[in-house]
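Asks: Below you will find the structure I want to go over with you.
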Amino acid sequence: MTTTRILVVEDDPFISDKLEIQLADWGYDIVSIISSGEEAVDMAAQLLPDLIIMDIMLSGDMDGIEAARIIHENHKIPVIYATSQTDETFFKRSKTTEPFGYLIKPIEEKELEITIRIALYHSQLESRLIKNERHLSDAQRIGLLGSWEWDIKNNTLNWSDQMFRIFGQEPQSFGADYNAFMMRVHADDRSHVQMAVDSALAGEKHFCTSYRVVTTDGTINRIQADGEVTFDADGSPTRMIGTAQDISAIMQTQDDLWHLAHHDPLTGLANRNLLSDRIGQALSHANREKKQIAIMMIDLDYFKNINDEFGHDSGDDYLRKTSARISQTLRDDDTLARLGGDEFVVVASIFCLEDAAKVSRKILDAINMPLPLKGTSVTPSASIGIALYPEHGHDIESLLKAADEAMYEAKHQGKNTYSIHQSEKTKAHNKPDGIIIDSKIS
C-alpha cells in the first residue's frame with residue numbers, strides 16, 4: 001500500500017515540528033516542511049504530494065491562500081488550511097481555492113487526524129468523479145449513449161436499446177410517442193422539461209436539460225439529455241434527435257462530497273462550514289421576520305476525564321450519544337453543529353430572552369440523564385453560553401465570540417449551568433459536580 005505523501009507549509013517552527021511528529025506517528029510521509037508561499041508553489045510542482053497542510057500567514061510576499069490558488073489551478077492537489085484566521089474575508093478568499101478542510105489553531109490531535117482522513121477520502125471521490133466524467137465524454141464521442149429520435153409531425157419516437165435500459169422500461173411496454181415519454185418523467189420535473197422542449201421548438205434549436213425518471217421497479221434515475229431540432233423550409237420543426245445519459249452515480253458522488261465537506265464525520269452534525277451558512281441564513285430570516293436569534297455555545301464539562309478514564313473510543317461514543325440528546329431537544333428549523341472536540345453550537349430563532357433560557361434548560365436536562373458507558377454509568381454535564389442577535393452582535397464572528405465568553409462565565413459559575421452574555425449571569429438549576437460516576441469500573 002502506497003504511503004500518503006504530505007507537504008507541510010508552516011512558518012511557526014513549534015507547530016511544524018509538532019505536525020511532523022504527529023504525521024509520522026500516523027504513518028504519513030512528510031515530503032518537506034517549508035515556510036513561504038513561494039516555496040510551497042515550487043515544492044508542490046516538484047514533489048506532487050498527495051496532500052498539503054497550508055498555513056495562511058507565511059513568510060515572504062505570498063500568503064497561503066494565494067499559494068493554494070496557484071497550486072489548485074496547476075496541479076489540483078488537495079489543500080487543508082491550518083490557521084487562526086476566522087474572519088469572513090478569509091473564508092471568502094479561501095473558498096475560491098476549493099480547500100478540502102479547515103483546521104483552527106490551536107490544532108487538536110483528533111481533529112487533525114479526522115480532517116486528513118476525510119480530505120484524502122474526498123480527494124479519492126473527486127478523482128473517481130473526474131475519471132467518470134472523462135469516461136462519459138469518451139462514451140459520447142464514440143456513440144455509446146442512449147439515443148433517440150422524435151418525428152415531431154407524426155409524433156413517434158425511436159429509442160435505442162440503451163434508452164430503454166436507462167428508463168427501466170421493456171420495449172414492448174413503451175408507447176412510442178412524446179406523451180408516453182413525458183409520463184415516464186418524474187411529475188415534479190415535467191414542467192421544466194416541457195419548457196426546454198418548447199424553447200427548442202420555438203427556434204433555439206438546441207435542447208438541453210436534466211430530469212428524473214421513475215423506472216418500473218420504482219428506482220429514480222437522474223438523466224442528462226441533449227438534442228438538436230431540425231426545421232423545414234417554412235421554419236416548422238420536423239425532427240429532434242439527441243442523447244440521454246444516466247448520471248445518477250455522478251450526482252450521488254457530488255451529494256456525498258457536499259455532505260463530507262459540510263458535516264462532522266463523528267456525529268454527523270453540521271461542521272464549521274455549514275454552521276457559517278446556517279447562521280447567515282438565520283440572520284437574514286430574523287431581519288425579515290423581526291425576530292431574535294440565539295447562539296448557544298455548549299462545552300461538555302470534564303470531557304478530558306472521560307477520555308482519560310475510559311479511552312478515546314469511549315470518548316467518541318460519549319460525544320455521539322450526548323450530541324444526539326441535544327439534537328432531540330431542538331426544533332426541526334434549529335441548527336446543531338459541532339465545532340470540534342467537545343464544543344457544540346445551537347442556532348435557534350426566538351421571540352424573547354426567556355425562549356433561549358428554556359432551550360438551555362431543556363438541553364441541560366437532556367444531557368444530565370445517566371449515560372451507560374463501558375460497563376458503568378456516568379452523568380454528563382455541560383456549560384452553555386448564550387448570545388442574542390442583534391443585542392450581542394450583528395455578524396457571525398461577534399456572536400460566536402460573545403457566546404464563547406458567556407460559556408466561560410458559565411464554567412466560572414461552577415459548570416452545568418448556562419450564562420447569558422452581559423446579562424443575567426446565573427440561571428441554572430441542579431448543579432452536580434461535573435461527571436458523576438454512578439458505579440465503579442470493575
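The values are calculated or read from the model by the stated rules, or taken from the named source; none is laboratory data. Predicted model only: the values in this text are computed from it and were never measured. So basically every Cβ, Gly included, is an ideal-geometry build from the backbone, and we count neighbours across all protein chains shown.
Asks: Hey, could you check the range 10-46 for residues that are surrounded by fewer than 16 Cβ atoms within 10 Å (Cβ to Cβ) and of a type in the set (A, V, I, L, M, F, W, C) and say which is nearest to THR83 (Cα to Cα)?
Replies: Of everything passing the filter in the range 10-46, PHE14 is nearest to THR83 (Cα to Cα).
Asks: Please work out which residue is farthest from the chain's Cα centre (by Cα), limiting yourself to the range 345-392 and to residues that are among the charged types (D, E, K, R) and in a loop (DSSP other than H, G, I, E, B). Lay out the reasoning, then the answer.
Replies: At the first step, the residues of the range 345-392 found to be among the charged types (D, E, K, R) are 354-355, 358, 361-362, 365, 374, 391.
Applying the additional criterion that residues be in a loop (DSSP other than H, G, I, E, B) yields 374, 391.
On the way: LYS374: 31, GLU391: 30 Å.
Checked the range 345-392; the qualifying residue farthest from the chain's Cα centre (by Cα) is LYS374.
Asks: For residues that are surrounded by fewer than 19 Cβ atoms within 10 Å (Cβ to Cβ) and closer than 11 Å to GLY385 by Cα, tally how many sit in the range 410-419. Spell out the reasoning first.
Replies: Step one: filter the range 410-419 for residues surrounded by fewer than 19 Cβ atoms within 10 Å (Cβ to Cβ), giving 411-414.
Checking the rest, the ones that are also closer than 11 Å to GLY385 by Cα come to 411.
Here the count works out to 1.
Asks: Give the number of residues within the range 234-250 that are outside any strand (DSSP E or B) and more than 25 Å from VAL79 (Cβ to Cβ). Quick ask: steps written out before the conclusion?
Replies: Kept after step one, since they are outside any strand (DSSP E or B), are these residues of the range 234-250: 234-236, 247-250.
With the extra rule that they be more than 25 Å from VAL79 (Cβ to Cβ), the set shrinks to 234-236, 247-249.
Looking only at that region, the number is 6.
Asks: Which condition number in (1) more than 12 Å from MET297 (Cβ to Cβ); (2) not in a helix (DSSP H, G or I) is the one that ARG325 fails?
Replies: (2)
Asks: Here is a follow-up. Answer with yes or no whether ARG288 is over 28 Å from ASP87 (Cα atoms) and not in a strand (DSSP E or B).
Replies: Values: over 28 Å from ASP87 (Cα atoms): no; not in a strand (DSSP E or B): yes.
Considered against the rule, which asks whether it is over 28 Å from ASP87 (Cα atoms) and not in a strand (DSSP E or B), ARG288 comes out as no.
Asks: Can you work out which of the residues in the range 242-269 that are more than 25 Å from ARG320 (Cα to Cα) and touching a Leu at 6+ places or on another chain (Cβ under 6 Å) is surrounded by the fewest Cβ atoms within 10 Å (Cβ to Cβ)? Full working, then the answer.
Replies: Start the filter on the range 242-269 by keeping residues that are more than 25 Å from ARG320 (Cα to Cα), which leaves 242-254.
Cutting the leftovers down to touching a Leu at 6+ places or on another chain (Cβ under 6 Å) gives us 243, 245, 253.
On the way: THR243: 19, GLN245: 19, THR253: 16.
Among those residues, the one meeting the criterion is THR253.
Asks: Of all residues in the range 291-316, count the ones that are modelled with pLDDT of 90 or more, part of a loop (DSSP other than H, G, I, E, B) and not aromatic (Phe, Trp, Tyr).
Replies: Summing the residues that are modelled with pLDDT of 90 or more, part of a loop (DSSP other than H, G, I, E, B) and not aromatic (Phe, Trp, Tyr) in the range 291-316 gives 2.
Asks: Within the bounds of the range 340-358, is there any residue that is surrounded by 18 or more Cβ atoms within 10 Å (Cβ to Cβ), out of contact with any strand residue (DSSP E or B) (no Cβ under 6 Å at 6 or more places or on another chain) and either assigned by TED's automatic domain parsing to the domain that holds ILE114 or closer than 27 Å to TYR102 by Cα (or both)?
Replies: Among the residues of the range 340-358, at least one is surrounded by 18 or more Cβ atoms within 10 Å (Cβ to Cβ), out of contact with any strand residue (DSSP E or B) (no Cβ under 6 Å at 6 or more places or on another chain) and either assigned by TED's automatic domain parsing to the domain that holds ILE114 or closer than 27 Å to TYR102 by Cα (or both), which makes the answer yes.
Asks: Being within 25 Å of ASP395 (Cβ to Cβ) and either modelled with pLDDT of 90 or more or among the charged types (D, E, K, R) (or both): is that true of THR329 here? Before the answer, list the steps.
Replies: Values: within 25 Å of ASP395 (Cβ to Cβ): no; either modelled with pLDDT of 90 or more or among the charged types (D, E, K, R) (or both): yes.
No: the conditions fail for THR329.
Asks: Of everything in the range 165-180, what is under 14 Å from THR215 (Cβ atoms), in a helix (DSSP H, G or I) and among the aromatic types (Phe, Trp, Tyr)? Give them in sequence order.
Replies: Once the filter is applied, which keeps residues that are under 14 Å from THR215 (Cβ atoms), in a helix (DSSP H, G or I) and among the aromatic types (Phe, Trp, Tyr), the range 165-180 yields only PHE167.
Asks: So which residues in the range 87-109 are surrounded by fewer than 16 Cβ atoms within 10 Å (Cβ to Cβ), touching a residue at least 12 places away in the same chain (Cβ under 8 Å) and among the basic types (Lys, Arg)?
Replies: LYS105
Asks: What number of residues within the range 71-86 satisfy the criterion of being surrounded by fewer than 17 Cβ atoms within 10 Å (Cβ to Cβ) and either at pLDDT 90 or above or part of a helix (DSSP H, G or I) (or both)? Quick ask: steps written out before the conclusion?
Replies: Looking only at the range 71-86, we keep the residues that are surrounded by fewer than 17 Cβ atoms within 10 Å (Cβ to Cβ), and these are 73-76, 84, 86.
After this cut, where a residue has to be either at pLDDT 90 or above or part of a helix (DSSP H, G or I) (or both) as well, the list is 73-75.
Counting residues in the range 71-86 that are surrounded by fewer than 17 Cβ atoms within 10 Å (Cβ to Cβ) and either at pLDDT 90 or above or part of a helix (DSSP H, G or I) (or both) gives 3.
Asks: Given the options ALA196, ALA200, name the one that is touching a residue at least 40 places away in the same chain (Cβ under 8 Å) and assigned to a helix (DSSP H, G or I). Let's see the steps before the verdict.
Replies: Details: ALA196 fails: touching a residue at least 40 places away in the same chain (Cβ under 8 Å).
None of the other options fit; the residue is ALA200.
Asks: Anything in the range 369-385 that is touching a Pro at 6+ places or on another chain (Cβ under 8 Å) and either buried (at least 18 other Cβ atoms within 10 Å of the Cβ) or at pLDDT below 90 (or both)? List them, or say none.
Replies: LEU371, VAL378, SER381
Asks: How many residues are assigned to a helix (DSSP H, G or I) and buried (at least 16 other Cβ atoms within 10 Å of the Cβ) if we restrict to the range 203-213? Give the derivation first.
Replies: Of the residues in the range 203-213, the ones assigned to a helix (DSSP H, G or I) are 203-204.
Within this subset, residues satisfying the condition of being buried (at least 16 other Cβ atoms within 10 Å of the Cβ) are none.
Count: 0.
Asks: In the range 72-124, which residues are basic (Lys, Arg) and within 26 Å of GLY280 (Cβ to Cβ)?
Replies: So the first thing to find is which residues in the range 72-124 are basic (Lys, Arg), and the list is 76, 92-93, 95, 105, 110, 117.
Across the range 72-124, the qualifying residues are LYS92, ARG93, LYS95, LYS105.
Asks: For the range 87-104, give me the residue count where each residue is part of a helix (DSSP H, G or I) and either out of contact with any strand residue (DSSP E or B) (no Cβ under 8 Å at 6 or more places or on another chain) or under 19 Å from GLU73 (Cβ atoms) (or both).
Replies: Here is the first cut: in the range 87-104, the ones part of a helix (DSSP H, G or I) are 88-95.
Right, trim to either out of contact with any strand residue (DSSP E or B) (no Cβ under 8 Å at 6 or more places or on another chain) or under 19 Å from GLU73 (Cβ atoms) (or both) and you get 88-89, 91-95.
So the count comes out to 7.
Asks: In the range 278-319, how many are closer than 21 Å to GLY385 by Cα, out of contact with any strand residue (DSSP E or B) (no Cβ under 8 Å at 6 or more places or on another chain) and touching a residue at least 40 places away in the same chain (Cβ under 8 Å)?
Replies: 2
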